[in-house]
Amino acid sequence: MDWLTNTKIPVGLWARAIFDWINAHFGGVIDSLAQFIENTFEFIVDALLLPPPLAAVLVLTALGWLLQRRWQSAALIFFGFLFVINQGYWEETMQTLTLVVLACAACMGIGVPVGIAGAHNPRFYQSIVPVLDLMQTLPTFVYLIPTIVLFGIGIVPGLVATVIFVLPAPIRLTYLGISSTPTALVEAAQAFGATKRQLLWKVELPSALPQIMAGLNQAIMLSLSMVVIAGLVGADGLGVPVVRALNTVNTALGFESGFIIVIVAIMLDRTLRVRRK
């Protein structure tokens, strides 16, 4: 078997050469993008931290009520954030929420159009399925290496790695929702002379809305699962105390910060869940 190992295919060297080439030729663009992301992140965090925590809690509770029209959801948000304040993780929670919002905005902004295109063009979707599988199965830490090379340490590599890991979920669920639109609805719309754009906006998207919202829900949950990994590369948020607890074997710190992540996940899940009528 020596002949096989001696003729090793230099996959790793090829990958390093590609990223070195990208860094050498597009370093200025990458630096500008990284600066824009950092400025956006800091702006949103500062806006969330500007009002007193209790005032922000009331606003977030009212938002939850408007989205769900259920006192149970509003109460969950209110007492959940009170618990966050009680534990002393308000700033870290706002940083984590900002990371989740930016990651989900990027994933839904890319994933929904790609899912729609895949539903309308099965060949295109089949061609990207291996890429989606690779994005979901490749160990997340592998993403961090090239992102650190390109963007350095901080929030940007954590956000980019999160987007890569999360993106397949909204693409797959959007594709599922659009392609599962009842044939009778499509044929009825076409019989009344609907254009392709009208068919998309008035038939397919309303029919696929539960699946698209499920994609958003999955994007949020997967983004929160990346909080700790993002903390390893210097991203602010609830991942930082978890990493600190891991390094110092601090059970109390690790449990309370991890429990805060669970509370945030439950609040977001209940707030954005689509209720069946």
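The values are calculated or read from the model by the stated rules, or taken from the named source; none is laboratory data. None of the values given here were measured: they were computed from a predicted structure. Ideal geometry is used to build each Cβ from the backbone, glycine not excepted, and the neighbour counts take in all protein chains shown. Each accessible area value is taken on the protein alone, full model and side chains, heavy atoms only, with ligands, DNA and RNA left out. Shrake-Rupley method; radii C 1.70, N 1.55, O 1.52, S 1.80 Å.
Phi angles across segment 141-150 convert, under the Karplus curve 6.51 cos²θ - 1.76 cosθ + 1.60 with θ = phi - 60°, into 3J(HN,Hα) values of 5, 5, 4, 5, 5, x, 5, 5, 4, 7 Hz, Gly and Pro given as x. The residues of segment 1-127 have, on average, 64 Å² of accessible surface per residue, using a 1.4 Å probe with all protein chains present. Tally up the carbon and sulfur contribution to the accessible surface of segment 59-131 as a whole percent, 1.4 Å probe, everything protein left in place. On segment 59-131, the fraction of accessible area on carbon and sulfur atoms equals 69 percent. Per-residue surface analysis assigns SER207 an accessible area of about 40 Å², computed on protein heavy atoms at 1.4 Å probe radius. Couplings 3J(HN,Hα) of segment 172-181, computed from phi: 5, 6, 5, 4, 4, x, 5, 6, 8, 4 Hz, in residue order, whole Hz [Karplus 6.51 cos²θ - 1.76 cosθ + 1.60, θ = phi - 60°; x for Gly and Pro]. Our coupling estimate for segment 89-106, obtained by passing each phi through the Karplus curve with A = 6.51, B = -1.76, C = 1.60 and θ = phi - 60°, is 10, 5, 5, 5, 5, 5, 5, 5, 4, 5, 4, 5, 4, 5, 5, 5, 4, 5 Hz, Gly and Pro reported as x. Using a probe of 1.4 Å, the accessible surface attributed to ASP31 totals some 100 Å² when neighbouring protein chains are kept in position.
Calculated from DSSP H runs of 4 or more alone, at -39500 (n - 2.57) each and per residue, what is the 222 nm mean residue ellipticity of the chain, nearest 500? One gets -27500 deg cm²/dmol as the mean residue ellipticity at 222 nm. Within the accessible area of segment 216-277, the carbon and sulfur atoms contribute 61%, probe 1.4 Å, all protein chains present. The structure-derived value of semi-axes √(5λ) of the Cα gyration tensor in Å appears in the list [x] 32, 23, 17; [y] 40, 24, 19; [z] 32, 32, 17 under the label [z]. For segment 1-98, the set of trypsin sites (Lys or Arg not before Pro) satisfying both a DSSP loop assignment and a count of at most 11 other C-beta atoms within 10 Å is given as LYS8, ARG69. Would you please calculate the Kirkwood hydrodynamic radius of segment 28-76 over all C-alpha pairs and express it in Å, rounded to one decimal? Computed over Cα pairs of segment 28-76, the Kirkwood hydrodynamic radius comes out at 12.9 Å.
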